[in-house]
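Down below is the structure, laid out as structure tokens.
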């Protein structure tokens, strides 16, 4: 279970970080996820793909703890996880970005990213209000971390710009920055490339790879763009109508007949 | 005499100047760089220590005297340090354009035989690795930014900080060797080698000696009274001679502070935060700023717009006179003072020009309106004329004698003469030593007495002794009927319109002149937005009928003004088209310093030029484009060709150049 492997490009992939066992999720009479099991190993980039309505986003919401499945178990870092509040999820080291951007439009990029570090700020409210003692110290420390992320994602020029004025591609990058600010162990990306042009996609790919490489962050992502998924990920889970129909390296998945007929078949026709 | 002075003082190299500065200005800031949102700074003493550590590190890696060290990256203190550290070791720094693609880099790296390459980041390292066997001399790569570099094969690669650490550790062992190498640096040894951008043919390596750089630095610092208190923003390509003179030559001579922005895209914010006292920018930067000011004023409230217009009118009338110290009436002074309070002060602050004492522009002609706009605000913007082979300075404008149509008087120590055909020749202490490994080109450019041909045609104004440049000497030609053809003269007039980014005029040996126009996406895009004109791409906007109509107005206005000049009235544009793509250095259509390459454009767009002359109304074309990462693509377009009205030559009054 704790074997370590090395990828062709020299990254270390550790043991199982999260294990999902026989997950079933129902909304009333609709079964969104049917008895799915897979694991996410430490340091890997794990993609979940599938046609529209396959249950990918539901799966991500299960991982993030937003949905609680009716059946099945989720093991995270060797502990079985029960239902959780959002802040508990964040404290566990899970951060995410959203398919439809969820930033504070009126706030600057910097302030938006700072919200990602709220969990690290422990100063009492009076201290924060007076901007004195512990609050000031904490703010400076956290700002330093945030600046490193700003530098990392190359968004220095929009540091003080209100998010509402930014183009779509940059908003996505700010979302990634906010998620990174929480220093997550596992980062969930819900369609990080959706609606982007080729150049923005290439940038985002590079950032995702760099995050994984530099911080060793485990990444689970959902994506439509097959080229992107196959290039980026170490292992891929393929879903169709709530079922898992494939699981393995991009090459294995590509040659899986069931996957081809369900998903890739459309493109290869 | 002056040479003897400097030689006596032992200030015969940049490292010697560094030692003097560390002693004399030890606690004054030498470098600042914005990183992680904060301006980090290094005093001269600290910078000297950093540079020494790096030089020792280079020695550990085996850098020899006479080696070439290529430096590829954006303006960062570490890269300036690398240049000076290389000099300390007796090696020659060769800064390269960081936006050059691997092919261009291969030629230069191979030509200078660089053994060491200092790269700014992973992107540059990748390019050098891609060059690989095409530049077999490269042995070591040193990189500044560690990001993404962990996986690389480090057998011949080090991070700059690690090289410094090793250098510090080896200080005892190699200190004497380094001292000896610094002491061996002579006044006529090579200081730096810079590659010309090359409007024609392969780039040439211009060798500049310590004498060239230090004499130029001293003369020009005296000319503008530069002191150690100046602040400059280093944002222009490090491979460009101007940056080397401003950020190294003058900075080390006068001991002032070099500020490096966070990145190219934050330059405007950083400019505002630093508020430089001494500033250089090519005309397009000033144009861009003026365009953005005007666009923002269009969106301002009616009251603010009226206030802005009123006081800008006052400034136009009074500002330049005040700046030149000419007499101005009391009431006008009062009006101007009020204007400073309400408009000019805040505006200058927004632009980052609150503290500016001396500003220069050069490289291309600057529009008189643009030039006057900045001068009327009280910004001492001047023009200079120069080239790499002269260590920049050939002529410059003294305070109080500034006009938009001249390039000033010869810089201190520079001799000028005008040849029969109008070409300008110069001889100066800054005149380059040679083109590296290219004696033929050296001989054809610099004669035995040291006179260098500039390649530009110009003349001296009788009354003032100022030099005026008409055009590139080789571009000045004749039309089919023998009338004079000076394309740049017309192009510059066209480019003064904010809507027009670039223009290329054809007509040598033809019976009429025609032009390609590039629209300015910022200005035209904003106009389109305000007029509810939807467009999906540059190409679509460029082909829009209303855009064509606007450009046609501009072309006709230019024709009318060209017609005023009997000598050049043949250069009126009869037909033009708006290009479907922006001219781009990546496609070889411009140099890295954004000068139009006529021959390449004429060759590449031969079909369009043919259409301009055979009377067709539209032309279909396909154009190959190169993306930033070097891949190629293709654009197809059908372009409309428009006729423009021309005007009869006015012969009554003589407004001509000569």
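Just a few scattered comments:
- Positions within the stretch B:605-639 being under 21 Å from residue B:130 (Cβ atoms), in a strand (DSSP E or B) and in contact (Cβ under 8 Å) with a residue 40 or more places away in the chain, in sequence order: B:625, B:626
- When restricted to residues that are within 23 Å of residue B:266 (Cα to Cα), touching a strand residue (DSSP E or B) at 6+ places or on another chain (Cβ under 9 Å) and more than 14 Å from every other protein chain (Cβ to nearest Cβ), the stretch A:158-179 contains 6.
- Test: residue A:176 is out of contact with any helix residue (DSSP H, G or I) (no Cβ under 6 Å at 6 or more places or on another chain), modelled with pLDDT of 90 or more and more than 13 Å from residue A:112 (Cα to Cα): no
- Given (1) surrounded by fewer than 22 Cβ atoms within 10 Å (Cβ to Cβ); (2) closer than 26 Å to residue B:92 by Cβ; (3) touching a helix residue (DSSP H, G or I) at 6+ places or on another chain (Cβ under 7 Å), index of the condition residue B:51 fails: (1)
- Checked against (1) at pLDDT 85 or above; (2) in contact with a strand residue (DSSP E or B) (Cβ under 8 Å, 6 or more places away or on another chain); (3) closer than 17 Å to residue A:192 by Cα; (4) more than 14 Å from chain B (Cβ to nearest Cβ), residue A:212 passes all but condition (4).
- Within the stretch A:122-142, considering residues that are touching a helix residue (DSSP H, G or I) at 6+ places or on another chain (Cβ under 7 Å) and surrounded by 15 or more Cβ atoms within 10 Å (Cβ to Cβ), the one nearest to the other protein chains (Cβ to nearest Cβ): A:142
- Inspection of the stretch B:529-537 finds no residue satisfying the criterion of being in contact (Cβ under 8 Å) with a residue 60 or more places away in the chain and either buried (at least 17 other Cβ atoms within 10 Å of the Cβ) or touching a strand residue (DSSP E or B) at 6+ places or on another chain (Cβ under 8 Å) (or both).
- Restricting the stretch A:18-51 to residues that are closer than 21 Å to residue A:225 by Cα and over 14 Å from the mean Cα position of the chain (by Cα), the residue that is surrounded by the fewest Cβ atoms within 10 Å (Cβ to Cβ) is A:51.
- Residue match in the stretch B:297-306 (condition: in a helix (DSSP H, G or I), over 30 Å from residue B:38 (Cα atoms), in contact (Cβ under 8 Å) with a residue 12 or more places away in the chain and under 23 Å from the mean Cα position of the chain (by Cα)): no
- Filter result for residue A:110 (touching a helix residue (DSSP H, G or I) at 6+ places or on another chain (Cβ under 6 Å), touching a residue at least 40 places away in the same chain (Cβ under 8 Å) and within 12 Å of chain B (Cβ to nearest Cβ)): no
- Those helices (runs of 4 or more DSSP H) of the stretch B:150-252 in which at least 1 residues are under 17 Å from residue B:69 (Cβ atoms), in contact with a helix residue (DSSP H, G or I) (Cβ under 6 Å, 6 or more places away or on another chain) and at pLDDT 90 or above, considering only elements entirely within it, cover B:160-169, B:171-183, B:210-223.
- Among the residues of the stretch A:52-68, not a single one is without any contact (Cβ under 8 Å) to a residue 60 or more places away in the chain, assigned to a strand (DSSP E or B) and surrounded by 16 or more Cβ atoms within 10 Å (Cβ to Cβ).
- Residue within the stretch A:226-245 that is more than 18 Å from the chain's Cα centre (by Cα), within 26 Å of residue A:17 (Cα to Cα) and surrounded by 21 or more Cβ atoms within 10 Å (Cβ to Cβ) present: yes
- Residue check for residue A:71: under 30 Å from residue A:23 (Cα atoms) and either surrounded by 15 or more Cβ atoms within 10 Å (Cβ to Cβ) or away from chain B (no Cβ under 14 Å) (or both): yes
- Checking residue A:164 against (1) closer than 23 Å to residue B:37 by Cα; (2) touching a helix residue (DSSP H, G or I) at 6+ places or on another chain (Cβ under 7 Å), the condition it does not meet: (2)
- Filtered residues of the stretch B:105-136 (kept if out of contact with any helix residue (DSSP H, G or I) (no Cβ under 6 Å at 6 or more places or on another chain), more than 14 Å from every other protein chain (Cβ to nearest Cβ) and in contact (Cβ under 8 Å) with a residue 40 or more places away in the chain): B:107, B:108, B:111, B:112, B:113, B:114, B:115, B:116, B:124, B:128
- Residue B:452 being crowded, with 18+ Cβ neighbours inside 10 Å, under 18 Å from residue B:565 (Cα atoms) and in contact with a strand residue (DSSP E or B) (Cβ under 8 Å, 6 or more places away or on another chain): no
- Residue A:155 fulfils the conditions (1) touching a residue at least 40 places away in the same chain (Cβ under 8 Å); (2) more than 14 Å from every other protein chain (Cβ to nearest Cβ); (3) closer than 18 Å to residue A:180 by Cβ; (4) out of contact with any strand residue (DSSP E or B) (no Cβ under 9 Å at 6 or more places or on another chain) except for a single criterion, (2).
- Residues located in the stretch B:123-135, provided they are crowded, with 19+ Cβ neighbours inside 10 Å and either under 21 Å from residue A:152 (Cα atoms) or at pLDDT 95 or above (or both): B:124, B:125, B:127
- Index of the failed condition, residue A:154 passing every other in (1) closer than 30 Å to residue B:633 by Cα; (2) more than 17 Å from the chain's Cα centre (by Cα); (3) part of a helix (DSSP H, G or I): (3)
- Against the test of being crowded, with 21+ Cβ neighbours inside 10 Å, closer than 30 Å to residue B:631 by Cβ, assigned by TED's automatic domain parsing to the domain that holds residue B:53 and at pLDDT 95 or above, the options B:108, B:138, B:118 yield a single qualifying residue, B:118.
- Residue among B:73, B:66 that is surrounded by fewer than 24 Cβ atoms within 10 Å (Cβ to Cβ) and free of Cβ contacts under 8 Å to residues at least 40 places away in the same chain: B:66
For every residue, the table says whether it meets (1) within 14 Å of chain A (Cβ to nearest Cβ); (2) buried (at least 24 other Cβ atoms within 10 Å of the Cβ); (3) in contact (Cβ under 8 Å) with a residue 24 or more places away in the chain.
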{"site": "B:256", "(1), (2), (3)": "no, yes, yes"}
{"site": "B:261", "(1), (2), (3)": "yes, yes, yes"}
{"site": "B:271", "(1), (2), (3)": "yes, no, yes"}
{"site": "B:274", "(1), (2), (3)": "no, no, yes"}
{"site": "B:283", "(1), (2), (3)": "no, no, yes"}
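The values are calculated or read from the model by the stated rules, or taken from the named source; none is laboratory data. In this text, all values refer to a predicted model and were calculated from it rather than measured experimentally. Cβ sites come from the backbone with ideal geometry, for glycine too, and all protein chains shown count toward neighbours.
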